[in-house]
Each structure stands twice: as structure tokens, then as C-alpha cells.
Amino acid sequence: MAKTGTPTHGLREAIERSGYYPALVAEAVETALGGEPVADYLVHQETTFDSNEVRRHVTVLVLTKNRFIVSHTDEQAADGTSPTPYATTSTESVKLSRISSVVLSRVVAHPESYTPGTLPREVVLTVGWGAVSRLDLEPASCGDPNCEADHGYTGSSTADDLSLRVSEAGDGPETVRQALAFAQSLSEATSADAPTA
């Protein structure tokens with residue numbers, strides 16, 4: 001989230017710095033933007049190990065005046081659908097008015113001596129806009145330990161469209177700072193977008 005130059009130029013540089021198919025990722029994001037100016041962004045690359053394979057994934061989050069754009073790009077090994085390795089990229093554009101929740105979870109070491117402004121060990125940004133929900137169910141009970149009746153199920157539904165974890169150990173302190181700054185920008189944008197009473 002370099003703040004030097006124009007935000008659009010900084011976004012392109014951040015995508016190129018990630019080194020992860022930058023031409024493909026940049027084209028997907030720029031197409032989704034459609035020329036709209038960038039207000040803020042976050043580029044996060046994640047490497048995972050799957051059996052004997054190393055897989056990379058990049059998520060690009062972009063905030064404009066009116067929209068929240070999410071881009072995911074994954075690489076895949078050769079399989080039954082392709083004789084050569086390939087990448088898939090997708091973008092989703094969400095109107096800010098559709099965002100129902102922005103949750104920022106912080107993990108802080110030694111909370112008893114926490115000083116405001118100290119960088120968290122990790123942050124998890126969860127954004128919900130109603131496209132994907134997680135449903136957690138469990139058997140309901142009445143509280144009577146001798147009751148054998150079927151009380152159905154109880155549970156909760158949580159908007160869980162995007163969850164992004166960034167850690168100081170895995171991604172570095174600058175990426176944690178960028179995630180915090182982006183989360184603040186997104187919270188402010190959705191707050192400003194909310195109708196006033």
C-alpha cells in the first residue's frame with residue numbers, strides 16, 4: 001500500500017512486486033476497475049504446501065469511491081483438464097452499500113503490557129456482503145439432562161465472504177501495517193456510505 005505516486009500506479013507496482021503472474025493479475029484488476037480511481041488497496045501473496053507441491057495464491061483488495069473489488073489468482077498443477085500448469089483468476093466487484101460487516105481481529109502478544117500503537121502479531125480481516133454465509137448448527141437441548149426429546153437444531157449464520165489473515169512472522173510487519181490501514185479505509189468508506197438517520 002505504498003502511498004507514493006497515484007494510488008493506481010502504486011497498486012500496479014505492488015502487484016509487480018508480488019512477482020506472482022503480475023501481467024495476469026494486473027489485467028484482471030484493471031478490467032474490474034473500469035477506469036475508476038483507486039482510493040486504497042492491499043496486495044497479499046500466500047504460499048501453501050500441498051503434499052509435494054508448492055502453491056501460490058494472491059489476493060488483491062481495492063477500494064474505490066463506490067466499490068470494493070476482490071481479486072483472487074491461484075496456480076494449478078497440470079491435471080485432467082490441462083496438460084500444462086495453469087492459473088485461474090477471478091474478480092468480484094461489490095457496491096460499498098452492500099457491505100454489511102467489516103471485522104478486524106487482532107492477535108497481540110503480552111496484552112497485559114500492551115501499548116497503544118503496538119503492531120499486532122497478526123490480523124484477520126473478514127468482510128461480509130451477503131454472497132457467502134457460514135452456517136454453524138448444533139443439536140438443541142432443553143437443559144433437562146433426562147430429556148430424550150428431539151429439540152431440533154440451533155445455530156447461527158455468519159456473513160463470511162472474505163477472510164484474509166496476515167501475520168508479522170509470515171508476511172512481515174509492513175504487510176500487517178498495510179492490512180490495518182486498508183481495514184480502516186474500508187471501515188471508514190462503509191461508514192460514510194451508510195444512510196444517516
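Structure notes:
- Criterion (surrounded by 12 or more Cβ atoms within 10 Å (Cβ to Cβ) and either of a type in the set (A, V, I, L, M, F, W, C) or closer than 16 Å to VAL127 by Cβ (or both)) met by exactly one of HIS57, HIS44: HIS44
- Condition check for ARG106: open to solvent by 70 Å² or more (accessible area, probe 1.4 Å), touching a strand residue (DSSP E or B) at 6+ places or on another chain (Cβ under 9 Å) and modelled with pLDDT of 95 or more: yes
- The residues of the range 18-41 that are open to solvent by 70 Å² or more (accessible area, probe 1.4 Å), in contact (Cβ under 8 Å) with a residue 12 or more places away in the chain and closer than 23 Å to ALA77 by Cα amount to a single one, TYR21.
- Total residues in the range 138-161, condition in contact with a Ser or Thr (Cβ under 9 Å, 6 or more places away or on another chain), modelled with pLDDT under 80 and closer than 29 Å to THR59 by Cβ: 4
- Scoring GLY80 on the criteria (1) open to solvent by less than 60 Å² (accessible area, probe 1.4 Å); (2) modelled with pLDDT under 95; (3) more than 21 Å from ARG165 (Cα to Cα); (4) out of contact with any Asp or Glu (no Cβ under 7 Å at 6 or more places or on another chain) leaves a single failure, condition (1).
- Which numbered condition LEU119 fails, given (1) in a loop (DSSP other than H, G, I, E, B); (2) open to solvent by 60 Å² or more (accessible area, probe 1.4 Å); (3) within 20 Å of SER185 (Cβ to Cβ): (2)
The values are calculated or read from the model by the stated rules, or taken from the named source; none is laboratory data. None of the values given here were measured: they were computed from a predicted structure. Cβ coordinates were reconstructed from backbone atoms using ideal geometry, including for glycine residues, and neighbour counts include every protein chain displayed. Just the protein is used for accessible areas: all its heavy atoms, side chains included, with ligands, DNA and RNA removed. Shrake-Rupley method; radii C 1.70, N 1.55, O 1.52, S 1.80 Å.
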